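Asks: Please read through the structure below; I'll follow up with questions.
Any read-out appearing in this document is the output of simple, stated calculations on the displayed coordinates, not a laboratory observation. None of these values were measured; they are calculated from a predicted model. Here the Cβ is made from the backbone with ideal geometry for all residues, glycine too, and neighbour counts use every protein chain on show.
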Amino acid sequence: MSFALAAHEGSVRCLSVASAHVTTASASAQLSESNNKKRKRKQQEQENGTKEMIVEPGSMLSGGYDESIRIFHLHKHAEAGEFRSPSNLGTPTCSSFAPPSNSTVPSTHALVGLTSGKILLYRKKDWQVQHVLSGHEEKSGGVSCIAVHPSGKMALSGGVGDGRIVLWDLTKGRLAFVTKLPPLSSSKRTSGGRDVCIGHVCWSDDGNRYAFCRSNRVSVKDVGSGEDLLDVELPSRVNQVAFVGGEEGMFVAVACDDGSLPLLGVGNLSDSEEEAQERRAIMAIEPVDRLVAGEERFKCIESVKGGSGFLVVTANSGGVISVMDLEGGARMMLADDNDEEEEGKKKSDADSDDDEDVSSDEEEEDEDVAVEILESVRVGTGARVTNIAVWSYDDPSSKSLYDDDFKQLDAEDEVEEEKSESEEEEEEEEEEPTKGKTQMISTGKGRGNEIEMDQEALAKARELVSQAKKRQEKKKKQKKKKKKKET
């Protein structure tokens, strides 16, 4: 844990992080510059057109049961201010910056949902309320979740008990569209109105799809047509959802109350009816094999931008925060699709050599894993996690605050790899066997201590050891990069 800050009296109800866009010159260096130097630097930047921007975690907003909203500077590890929600509007329940943290445009506003059903639109510059948006019912519990479109011009909000998903026009500060969801079947209804509560809503990276969950149902809709791309019921209650994937396919990762983590394939409007009915899914993490999941319940899940496109951060009831890679599960589903297309070709081949190839392929598939846990940490003494906010950024055209650190780590890793390769080559040259099937290796000074070893077996053993070392070094390199990027 890098640092901890006391935020609220009681539990935290919402968290949001905004990106900060600053020039490559540090703030302290800019303050120490004289006016002449500043003018010269600006002129050089305008003439050369090489004004680089650094993207880093900026402000963090938190809301609690004590009706307070606090702002923190993450790069300074300090609190920037505190204010309370307006009287008679209730306590904060959810929040989001606009544009969101994964946008290339800096965040200028913040949205905070309240138990009164109102949404406050704050101006981030001075934290003054610009608009009070009304779209949810106070008697039904207010606003449950907010998600801002990647463009920062639209936002979606879900209600606690009114079964509404509201689309907001943030440029004009008014309601644009309301979707009233039908109630679930009586057999799937749960106590406390959870069957109509919109538990979570999120946008895809391209802004063309959005996903939401209520009770044990997960739905994905196309923004342009409003048609369902995915609508499925799961065995357990769903807490949150997150988009993962890329050009090869879009998927939704689901955090469930029974400790399971399903990965669901999202279709396209061009899919046929048969393809729409046969959606691919895989259980990346199996549910807990007991009546009550307890501390194993997944409460939160957020996607991480960049990398493989399948990275997520999860939090469970036991206070464990984990970074996971779901690329293996997605590859399994994509491989299944390819296998079905080539099923006719595989049936026509019945030779013994082909049988051996199939058996070897099955062994390789058995080694594949649907999820790889890259890092896990328990927060404090294992306190129950109520919210997580993930900051990540991936833009090749912009410079990241940690680019220099990554380059230094890559250079160190390359030097270590070159050293290990040179050492292996020297060992091979020193231990190069004589021509023939066997090699005499001396284990002592006397002749009686000489043993005879098979050359082919020795070469295979050395090859396996070198491959294991390379895999181990590669994993260490990836872990260092992921850990550095998350911190």
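Asks: Given a cut-off of 32 Å, name the pairs among LYS125/LYS475; LYS153/LYS475; LYS153/LYS485; LYS299/LYS479; LYS125/LYS474 whose C-alpha atoms lie farther apart than that in the structure shown.
Replies: Too far apart for the 32 Å limit: LYS125/LYS475; LYS153/LYS475; LYS125/LYS474.
Asks: Next question. Need one word for the range 137-256: rounded, prolate or oblate. Basis is the Cα gyration tensor (sqrt eigenvalues a ≥ b ≥ c); a/c below 1.5 gives rounded, then a/b vs b/c decides.
Replies: On the way: a/c = 1.96, a/b = 1.13, b/c = 1.74.
Oblate shape, in that a/c is at least 1.5 and b/c is the bigger or equal ratio.
Asks: Mind grabbing the base-10 log of I(q)/I(0) for the range 60-194 at q = 0.09, 0.13 Å⁻¹? Debye formula, identical points on the C-alpha positions, no solvent, two decimal places.
Replies: For the range 60-194, the Cα-only Debye profile gives -0.28, -0.56.
Asks: Further, regarding this structure: Let me make sure I get this right: for the range 90-157, a, b and c are the square roots of the gyration tensor eigenvalues over alpha carbons, sorted descending. Under 1.5 in a/c it's rounded, otherwise prolate if a/b > b/c, else oblate. Which is it?
Replies: Prolate, because a/c is 1.5 or more and a/b exceeds b/c.
Asks: I'd like to compare 312-320, 248-256: which one has the highest average count of other Cβ atoms within 10 Å, and what's the full order after that?
Replies: Ranking the peptides 312-320, 248-256 by packing returns 248-256, 312-320.
Asks: Return the distance in nm (one decimal) between the two label points of a simple spin-label model at ASN208 and LYS480, each offset 7 Å from Cα along Cα→Cβ.
Replies: For the pair ASN208/LYS480, the computed spacing is 3.9 nm.
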